[in-house]
Amino acid sequence: PNEPPVVFHWLPVIGSTVTYGIDPFRFFFDCQAKYGDIYTFILLGRKVTVYLGSKGNQFILNGKLKDVNAEEIYSVLTTPVFGKDVVYDVPNAKFMEQKKFIKYGLQSGALLTYVPLMQDEIGNFLQGDSHFNGQHGTISIPKVMAQITLFTASRCLQGIEVRQKLDTTFADLYHALDDGFQPINFMLPWFPLPQNRRRDIAQRRMTQIYTEIIKARRAGAEKRSEDILWTLMDSVYKDGTPMPDNEIAHLMIALLMAGQHSSSVTSSWIMLHLAAQPEVMEELYQEQISVLGNTSKPITYEDIQKLPLVMNVIRETLRLHPPIHTIMRKVKNPLPIEGTNWIVPPSHVLLAAPATMGKSDEYFPNAAKWDPHRWECMADPADQEKEKMDYGYGLVSTGADSTYLPFGAGRHRCIGEQFAYVQLTVIVSIMVRKFKLKNVDGKTGVVATDYSSLFSRPMEPAFIQWERR
Ligand code: HEM
């Protein structure tokens, strides 16, 4: 009674799990056509209430802390990977303090120092990787981008000790942890999967490695540069407690995992689109020449902000290929929905999918087309900003009423946006300088999306051809 309509289904527990799982966007739009912006579907026995559109984003992402809860949903998945006492294993007020500590290491002052480190990593990778021998070749773009992203992000965010270990033992530990980050653990967190055993061993070993690094730093290593590990080592909670070593270690693991997939899949999609539309890659090359004068000098943080086409390429790619298609919250109190006589009861999960707006012709004419130029004649999303955040590189709206929210909104909003933009800009700019890309075998367009993991990614195989400029 007085609950939103339930999406029709034949099987009780399975409900709409399969249709949603194969292509969530098609599912959201099909249901929207039948039921409107608000409807409930069954996901593995749970009642999940979707609320689309700006009002839905507002309702869910800006819901009150006492009404909607993220950690009760995400913790089963994240706590075994990150470790205890951080992120979703603590009350939100504590996590908010932890987010603030990390944000400090992601301010423009820090980003400035990351740009040369990123270029160093990309240069070394392209020189050392056998797929880039010779004048031309074919590469699996998701594999290459996953490595470039991991090396650049870890060099900047994790510090030199961890980056050096990534060439050896740490890489295996990373993959073991990553394998434990799977949707199946939402449903069967207690199930003794072999990858969960490996995950737990890797989690403990990694915590140990970080703890050793922290001890070594405390024992007298000089501060070489501001990195997040140093920042966390100096962090003190509001109640006066310095952050304990095990929390620092676990937060470092969380950070290692948080940005990796979203940035990595985004850079893959960018390369796939550039291969499909080489004329845009040429424009990017010309932009560098006209703005920077030449393409042989290293790129600086200031340069990055003078390259609007790169920025629009990233924006446009995140519009069509948002890495995160679903945001969930557990309902804690009966929640009446304004303008209807429906009440969402506490047994439900709320689901926001702001990315549906980005894929809708209503807000983005000819929405299915990847066209970075469309942003030139659109109002800067930053103008729509409600709660402006203190970012030197703040570009995109943070208020939940925007039609474009690839980084979420509200208290759980992403803190990695500026870092991701810098990282993606450096990667794209270097690739543009060095290579021309094209599709293999005269194929057109880009591959379909694989929704089977937590982050939407290009369906593999996804090969493209490169040619040295
Ligand atoms: C939260 C997207 C990169 C760290 C989020 C959320 C989204 C998102 C949609 C909100 C989740 C929710 O409300 O449940 C992205 C995209 C990225 C990206 C599209 C890149 C293209 C990064 C990077 C980092 C990072 C590089 C770290 C350096 C975080 C953290 C949160 C977050 C700490 C907060 C979670 C919370 O408060 O519950 N991100 N992210 N992200 N992201 Fe990102």
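The values are calculated or read from the model by the stated rules, or taken from the named source; none is laboratory data. This is a predicted model, so every value here is computed, not measured. Don't worry about glycine lacking a Cβ; one is built from the backbone with ideal geometry, like all the others, and counts go over all protein chains shown.
Values as computed for the structure displayed
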{"item": "Of all residues making up segment 149-202, the number that are outside any loop (DSSP other than H, G, I, E, B) and under 26 Å from L112 (Cβ atoms)", "result": "16"}
{"item": "From the options G105, G109, residue that is out of contact with any strand residue (DSSP E or B) (no Cβ under 8 Å at 6 or more places or on another chain), surrounded by fewer than 14 Cβ atoms within 10 Å (Cβ to Cβ), at pLDDT below 90 and of a type outside the set (S, T, N, Q)", "result": "G109"}
{"item": "Residues being near the ligand (Cβ under 10 Å from one of its atoms) and not charged (D, E, K, R) - total across segment 89-119", "result": "7"}
{"item": "Flag for T211 being within 16 Å of the ligand (Cβ to nearest atom) and among the polar types (S, T, N, Q)", "result": "no"}
{"item": "Pair list, Cβ under 6 Å, 6 or more apart: segment 277-300 residue under 13 Å from K434 (Cα atoms), other residue among the hydroxyl-bearing types (S, T, Y)", "result": "Q288/T295"}
{"item": "Meets criteria (within 16 Å of the ligand (Cβ to nearest atom) and modelled with pLDDT under 95) for P322", "result": "no"}
{"item": "Candidates G105, G128, G137, G83 - the one that is in contact (Cβ under 8 Å) with a residue 12 or more places away in the chain, among the small types (G, A, S) and farther than 30 Å from A70 by Cβ", "result": "G137"}
{"item": "Residues that are within 22 Å of T449 (Cβ to Cβ) and crowded, with 17+ Cβ neighbours inside 10 Å, drawn from segment 26-36", "result": "F27, F28, C31, Q32"}
{"item": "Residue ranges of helices (runs of 4 or more DSSP H) in segment 218-319 with at least 2 members of a type in the set (V, I, T) and surrounded by fewer than 20 Cβ atoms within 10 Å (Cβ to Cβ)", "result": "278-292"}
{"item": "Residue match in segment 430-442 (condition: within 30 Å of V90 (Cβ to Cβ) and at pLDDT below 95)", "result": "no"}
{"item": "Criterion (over 21 Å from C414 (Cα atoms) and within 16 Å of the ligand (Cβ to nearest atom)) met by exactly one of P142, P189, P194, P183", "result": "P142"}
{"item": "Residue in segment 185-198 that is closer than 28 Å to L111 by Cα, buried (at least 21 other Cβ atoms within 10 Å of the Cβ) and in contact (Cβ under 8 Å) with a residue 40 or more places away in the chain present", "result": "no"}
{"item": "Index of the failed condition, L157 passing every other in (1) more than 21 Å from V76 (Cβ to Cβ); (2) in contact (Cβ under 8 Å) with a residue 12 or more places away in the chain; (3) surrounded by fewer than 20 Cβ atoms within 10 Å (Cβ to Cβ); (4) not acidic (D, E)", "result": "(3)"}
{"item": "Within segment 57-69, considering residues that are over 21 Å from the mean Cα position of the chain (by Cα) and buried (at least 17 other Cβ atoms within 10 Å of the Cβ), the one farthest from A400 (Cα to Cα)", "result": "D67"}
{"item": "Residues satisfying the stated conditions in segment 70-88, i.e. surrounded by 19 or more Cβ atoms within 10 Å (Cβ to Cβ) and away from the ligand (no atom under 11 Å from the Cβ)", "result": "L77, T79, P80, V81, G83"}
{"item": "Residue in segment 128-146 that is within 21 Å of R199 (Cα to Cα), among the charged types (D, E, K, R) and outside any helix (DSSP H, G or I) present", "result": "no"}
{"item": "Residue ID - nearest to the ligand (Cβ to nearest atom), chosen from residues in segment 325-360 that are among the aliphatic types (A, V, I, L, M) and not in a strand (DSSP E or B)", "result": "A355"}
